[in-house]
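Just so it is clear, none of the values below were taken in a lab; they were calculated from the coordinates. Nothing here was measured: the structure is a model prediction, and the numbers come from that model. No Cβ is skipped: glycine too gets one built from the backbone with ideal geometry, and neighbour counts run over all protein chains shown.
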């Protein structure tokens, strides 16, 4: 039987075979099976008693014009030993039970009884237990041992001149039946276990895939909340500081900045309410969804940065192409986070956002003229840079960040215009 193949991924996990049409089951058979499972000792005792009667009945069978051996007491003893051994050891020591029952059958043959399936019944049951619970090599050895004990005893010690075919060929054939039947039962049991194992493996694969999706969703939510909260709080902090500095010398400008600060906090609350609302209605496919931000809102983003004292210029190169919603949101969030880092970590007054539309890629470059400390923005250990890299990778893009030789900091992102069919990377000018 072939072993189940290993799956390449959660979606490729092999499942159990499709069950065929249901077959009607016998209620009496089901009831008997339940009774046997719950009363094993009683069933074994009844089986031993039945085999005892069968053994004695088989000892009375003779061929026409053949003398009946006068060995009633030894025959009863042999039947009792064989059936008692089955009662005690057929489940725990099937090989020992096979050897004892084979010796009892050989003793019956030596007493002059004809070797029939009735005399071999205890040995056949013991061989069935061996074949259904042990390996093929063990089954083969027990079968050959039983044949080697019974056949020579019947051929050499039988006082009644029974035909040699009945004493040699017949035991070999009859003892082969339980071996074949037990082996088929063992293979069927292993097949069922393999099917159950594959089903459990598939179930574990689905659970792992579900956990993986939950982790990815948590990471996505964390990035989204980080981008929203960090950007607006950074702008609010910068606006509040600028307003406090200009409150005495330029009250008009301070009042305008405070008005912008109100708009910044309102926008933060609005985006947080939208994000939390999406989480609350995650299982509701009909829930109304607000439009996701994209590069079309860059003007609002630059205006909010301007109120915090950062002059942002946006440059477009190439032919503007429509973006998929995922790439559009990713591009916007990366620009937003890059400008947030400039506001928080760099003593910069100007920043530049360059959008270059290529044939199949969008390259975004955000630079500033500040002097950020390496530990603040350039080592890549902050959550902002990590989040930007994860966002770029989620759509098949890449991100690089570092200090410029002429001063300031630069973030370069390359995003595919068509994420489903990634294109070869373009050379950066």
Subject >> FRET efficiency, 1/(1 + (r/R0)^6) with R0 30 Å, evaluated for residue 194 and residue 81 via beta carbons >> reply: 0.15
Original post:
Ranked from highest to lowest mean number of other Cβ atoms within 10 Å per residue, what is the order of the peptides 103-110, 148-155, 46-53?
Top reply: 103-110, 148-155, 46-53
**OP:** Would you mind calculating the gained length between residue 266 and residue 418 on full extension (0.36 nm times residue separation, minus the Cα-Cα distance), in nm to one decimal?
**Re:** 51.3 nm
Subject >> Debye equation applied to the C-alpha atoms of region 27-206, log10 I(q)/I(0) at 0.08, 0.11, 0.17 Å⁻¹ >> reply: -0.30, -0.52, -1.04
Original post:
In terms of the ratio Rg/(2.2 N^0.38 Å) built on C-alpha atoms, what value belongs to region 91-198?
Top reply: 1.17
Original post:
What full-extension length gain, to one decimal in nm, is calculated for residue 213 and residue 255 as 0.36 nm per residue of separation minus the Cα-Cα distance?
Top reply: 10.4 nm
Original post:
By how many nm would the segment from residue 297 to residue 136 grow when fully extended, if each residue of separation counts as 0.36 nm and the alpha-carbon distance is taken off?
Top reply: 50.6 nm
**OP:** Mind giving me the nanometre distance, one decimal, between the label points for residue 176 and residue 404, set 7 Å out from Cα along Cα→Cβ?
**Re:** 9.0 nm
**OP:** Compute the label zone of residue 160 within region 73-90: residues whose backbone N is under 13 Å from the point 7 Å along Cα-to-Cβ.
**Re:** 75
**OP:** Quick one: P(r) of region 160-275 from all Cα-Cα pairs, 10 Å bins, percents rounded to integers, in order of increasing distance.
**Re:** 11, 17, 12, 10, 9, 8, 7, 7, 6, 5, 4, 3, 1, 0
Original post:
Under a plain spin-label model, where a point goes 7 Å from the Cα along Cα-to-Cβ, how far apart in nm are residue 311 and residue 220?
Top reply: 4.0 nm
